[in-house]
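The values are calculated or read from the model by the stated rules, or taken from the named source; none is laboratory data. In this text, all values refer to a predicted model and were calculated from it rather than measured experimentally. Ideal geometry is used to build each Cβ from the backbone, glycine not excepted, and the neighbour counts take in all protein chains shown. For the accessible areas, the whole protein counts, side chains as well, though only heavy atoms, and no ligand, DNA or RNA atoms are used. Shrake-Rupley method; radii C 1.70, N 1.55, O 1.52, S 1.80 Å.
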Amino acid sequence: MKIKGNRSLSSRLWLDRQVNDPYIKLAQREGYRSRAAFKLMEADDKYHLIENAKCIIDLGAAPGGWSQVLAQRSPADAKIAAIDLLPFHPIEKVRQFCGDFENFQSAVTDYLEQKADLVVSDMAPSTIGHAQTDHLRIMNLAESAYSFAENTLKTGGAFIAKIFQGGKEKSFAEMLKNDFQKVCFFKPKSSRNLSSEIYIVATGFQKCN
Ligand SMILES: C[S@@+](CC[C@H](N)C(=O)[O-])C[C@H]1O[C@@H](n2cnc3c(N)ncnc32)[C@H](O)[C@@H]1O
């Protein structure tokens with residue numbers, strides 16, 4: 001539907017959200033590159049995953065909001081490897097790898113020199129607006145992110161991944177329960193209510209590798 005000039009209703013709603021979204025304003029005021037930064041802060045306030053993490057992998061890191069939070073909240077000598085298809089402006093303490101995350105497993109483990117305490121994935125595929133298709137696409141991505149994490153996490157480590165609800169997330173959580181002590185879903189307040197976005201948080205990796 002077209003209203004007011006050439007803008008569609010969905011693009012007007014998007015513009016309205018950009019202008020009125022309190023988290024976008026807060027991100028601008030506090031110097032974060034994305035409103036997504038607040039989602040990781042909320043998860044960390046609840047689960048305390050970053051303060052002792054010396055080796056961290058950030059999958060789907062651009063433009064760098066989560067990497068900023070990881071750099072701020074991790075120990076001073078922590079190493080952070082951030083991967084994205086897109087490049088972003090450098091962040092102190094963060095080493096960037098540009099391309100598909102699946103190509104960087106050995107480069108990242110070489111860089112970190114040991115297995116990771118924390119693997120986070122805020123990756124999202126480009127959405128097409130068809131809920132079930134978008135759900136299946138992000139579940140595939142989250143499962144691949146977990147395959148990556150499975151090979152790169154140390155015992156006791158933690159994994160966070162973004163998903164869109166739609167049915168398949170329950171079997172994903174069940175699968176993770178075989179490998180972690182605790183698995184739960186987390187919806188940050190900063191994640192838009194109308195969005196099906198939710199995070200799966202898995203702690204206490206206990207698979208021998
Ligand atoms: C929601 S954004 C991440 C926002 C980021 N966490 C932040 O706080 O600024 C999702 C990102 O996932 C990345 N992405 C999607 N598929 C990917 C893949 N196969 N490999 C690496 N990055 C990917 C996209 O390029 C995009 O930048």
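Just checking the listed ones, LYS170, LYS187, LYS79: in the Gaussian network model of the chain with Cα springs under 10 Å, the one fluctuating most is LYS170. Taking the Cα atoms only, what angle lies between the long axis of helix 9-20 and the longest principal axis of the chain, rounded to 10 degrees? Computed tilt is about 70 degrees. In order along segment 153-161, the phi-based Karplus estimate (6.51 cos²θ - 1.76 cosθ + 1.60, θ = phi - 60°) of 3J(HN,Hα) comes to 8, 8, 4, x, x, 10, 9, 10, 9 Hz; Gly and Pro are listed as x. Considering only beta bridges that DSSP places wholly inside the chain, some 40 percent are antiparallel. Largest mean-square fluctuation among ILE163, ILE128, ILE80, in a Gaussian network model of the chain whose springs join Cα atoms under 10 Å apart, belongs to ILE128. Of the residues SER191, SER11, SER144, the one that moves most in a GNM of the chain with alpha-carbon contacts below 10 Å is SER11. Ligands, DNA and RNA left out, the 1.4 Å accessible surface of the chain is 51% carbon and sulfur atoms. Karplus-based coupling profile of segment 114-122, in residue order and whole Hz: 7, 6, 8, 7, 8, 10, 10, 9, 9, with θ = phi - 60° in 6.51 cos²θ - 1.76 cosθ + 1.60 and x standing for Gly or Pro.
The three principal axes of the Cα atoms in segment 34-205 give end-to-end lengths of 41, 34, 31 Å, sorted in falling order. Shown in residue order for segment 183-192 are the 3J(HN,Hα) couplings computed by the Karplus curve 6.51 cos²θ - 1.76 cosθ + 1.60 at θ = phi - 60°: 9, 8, 9, 9, 10, x, 4, 6, 7, 4 Hz (x for Gly and Pro). Accessible surface area normalised per residue over the chain is 52 Å², counting heavy atoms of protein chains with a 1.4 Å rolling probe. Note on segment 34-205: dipole from Cβ charges, positive end direction compared against ASN103, LEU40, ASN193; the farthest Cα belongs to ASN193.
Checking the cross-link pairs LYS79/LYS189; LYS39/LYS177; LYS25/LYS168; LYS93/LYS182 against a 31 Å limit on the alpha carbon distance flags LYS25/LYS168 as lying beyond it.
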